[in-house]
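The values are calculated or read from the model by the stated rules, or taken from the named source; none is laboratory data. Note that the structure is a prediction, hence the values are computed from the model and not measured. Don't worry about glycine lacking a Cβ; one is built from the backbone with ideal geometry, like all the others, and counts go over all protein chains shown.
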C-alpha cells in the first residue's frame with residue numbers, strides 16, 4: 001500500500017499475472033514459490049557513469065512519417081556494457097510532446113531513486129504522438145498505436161541493451177497517454193505492465209472521428225475490450241490512479257468497477273488533485289516505484305506465455 005491509500009484488487013480466477021500482481025503489492029508470505037516479493041534494488045556503484053538523455057527520430061512505416069522520441073539511459077549504462085535493462089515507455093497527454101514526462105520530473109526522479117537503491121536502473125522512452133490518442137486510426141489513417149508497439153519497440157531493442165521480451169517492458173501514460181498505454185497493453189502483446197494515470201476514457205459518442213465506426217471503436221477501446229474479454233487484462237499487471245477533482249474521474253471509476261466485477265486484479269488509487277501537471281509531478285516517484293516492483297518480479301511465465309506475442 002502506497003501513501004496510505006486503500007488497495008482494491010479484483011477477485012476471481014487466479015492467473016499467473018494475478019499472482020505476479022499480488023507479489024508486487026503484497027509482502028512475501030514465505031519461500032518455495034516462484035511468485036514472491038522482489039529483492040531490494042541494489043545501490044548504485046559510485047563509479048557508475050551518469051545518466052544521459054538521447055534525442056532521436058525514426059521513420060515509422062505505421063504512420064508514414066518520422067517519429068521523435070527521448071531515451072533516458074540510466075546511471076551506469078555506459079560503464080556497464082554487459083548489462084541489459086528493462087524498458088518503460090511513457091506516453092504524453094493531449095497537447096503534450098516527448099518532453100512532457102521529462103519536464104514533469106520523471107528522469108530526475110529516476111536518477112534519485114536509482115542512486116538511493118530504491119529502484120533498479122531502467123531505460124525510459126518518451127515518444128511524440130501528437131493528438132493521436134495513441135491509436136491506429138481507422139481506414140487508411142496513420143497507425144499510431146503500431147508506431148509505438150512495433151516500430152518504436154523494435155528500434156529501441158535494436159539500438160540499446162534491453163531485455164527484449166514483454167515481461168521486461170512496461171508502458172504508461174497520462175490522460176490521453178493513459179488511454180493509449182492501456183489500449184496497447186491490451187492489444188499488442190508486447191507489454192506485461194501498464195500504468196494508466198488520469199486515464200481519459202471516451203465513449204463512442206465523444207470519440208474523435210479517426211476511431212471510425214462503432215465496431216472499430218470497440219476494438220480499440222479499453223472498456224469494451226475488457227468487458228468482452230477480461231482475460232486480456234488478467235495477463236497484465238495494472239495500476240490506475242486519478243485525482244479526486246479530475247473531471248475524468250467518473251469514467252475511470254466506472255472502468256475500475258468493471259475490472260473488479262470481472263475479477264481482474266489491479267491497483268486503484270484516488271489521490272488529491274486534478275487533471276494537470278501538478279498532479280502528475282507529485283506522483284512520478286510513486287509511478288516509478290510501481291513499475292520497478294512489477295518489472296522485477298521473479299515468477300516464471302509458462303512457456304506458452306514467454307517472449308512477445310506474434311505481431312502482425
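Overview of results
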item: Flag for residue 182 being within 16 Å of the chain's Cα centre (by Cα) and crowded, with 22+ Cβ neighbours inside 10 Å; result: yes
item: Region 69-99 - residue that is in contact (Cβ under 8 Å) with a residue 60 or more places away in the chain and more than 26 Å from residue 239 (Cα to Cα) and, of those, surrounded by the most Cβ atoms within 10 Å (Cβ to Cβ); result: 77
item: Search result, residues across region 100-112 that are surrounded by fewer than 21 Cβ atoms within 10 Å (Cβ to Cβ), closer than 21 Å to residue 200 by Cβ and in contact with a helix residue (DSSP H, G or I) (Cβ under 7 Å, 6 or more places away or on another chain); result: none
item: For residue 90: the one exception among (1) modelled with pLDDT of 95 or more; (2) within 19 Å of residue 284 (Cα to Cα); (3) assigned to a loop (DSSP other than H, G, I, E, B); result: (3)
item: In region 191-210, residue modelled with the highest pLDDT [restricted to those that are under 30 Å from residue 271 (Cβ atoms) and surrounded by fewer than 22 Cβ atoms within 10 Å (Cβ to Cβ)]; result: 201
item: Condition check for residue 170: surrounded by 18 or more Cβ atoms within 10 Å (Cβ to Cβ), touching a helix residue (DSSP H, G or I) at 6+ places or on another chain (Cβ under 6 Å), within 29 Å of residue 247 (Cβ to Cβ) and touching a residue at least 60 places away in the same chain (Cβ under 8 Å); result: yes
item: Sole residue being buried (at least 16 other Cβ atoms within 10 Å of the Cβ), out of contact with any strand residue (DSSP E or B) (no Cβ under 7 Å at 6 or more places or on another chain), closer than 24 Å to residue 169 by Cβ and touching a residue at least 60 places away in the same chain (Cβ under 8 Å), chosen from 269, 296; result: 296
item: Region 236-257: number of residues that are loosely packed, with under 15 Cβ neighbours inside 10 Å and assigned to a loop (DSSP other than H, G, I, E, B); result: 3
item: Complete set of residues in region 129-143 that are closer than 14 Å to residue 97 by Cβ and buried (at least 20 other Cβ atoms within 10 Å of the Cβ); result: 129, 132, 134
item: Filter result (surrounded by 17 or more Cβ atoms within 10 Å (Cβ to Cβ) and either touching a helix residue (DSSP H, G or I) at 6+ places or on another chain (Cβ under 9 Å) or without any contact (Cβ under 8 Å) to a residue 12 or more places away in the chain (or both)) within region 272-288; result: 273, 275, 280, 284, 285, 287, 288
item: Residue identified as at pLDDT below 95, more than 16 Å from residue 296 (Cβ to Cβ) and either crowded, with 21+ Cβ neighbours inside 10 Å or out of contact with any helix residue (DSSP H, G or I) (no Cβ under 7 Å at 6 or more places or on another chain) (or both) among 115, 47, 65; result: 47
item: Checklist (1) assigned to a helix (DSSP H, G or I); (2) more than 17 Å from the chain's Cα centre (by Cα) applied to residue 202, failing item; result: (1)
item: When residues of region 125-143 are limited to those that are within 16 Å of the chain's Cα centre (by Cα) and at pLDDT below 95, the one farthest from residue 209 (Cα to Cα); result: 129
item: Residue within region 134-147 that is farther than 28 Å from residue 49 by Cβ, out of contact with any strand residue (DSSP E or B) (no Cβ under 6 Å at 6 or more places or on another chain) and assigned to a helix (DSSP H, G or I) present; result: yes
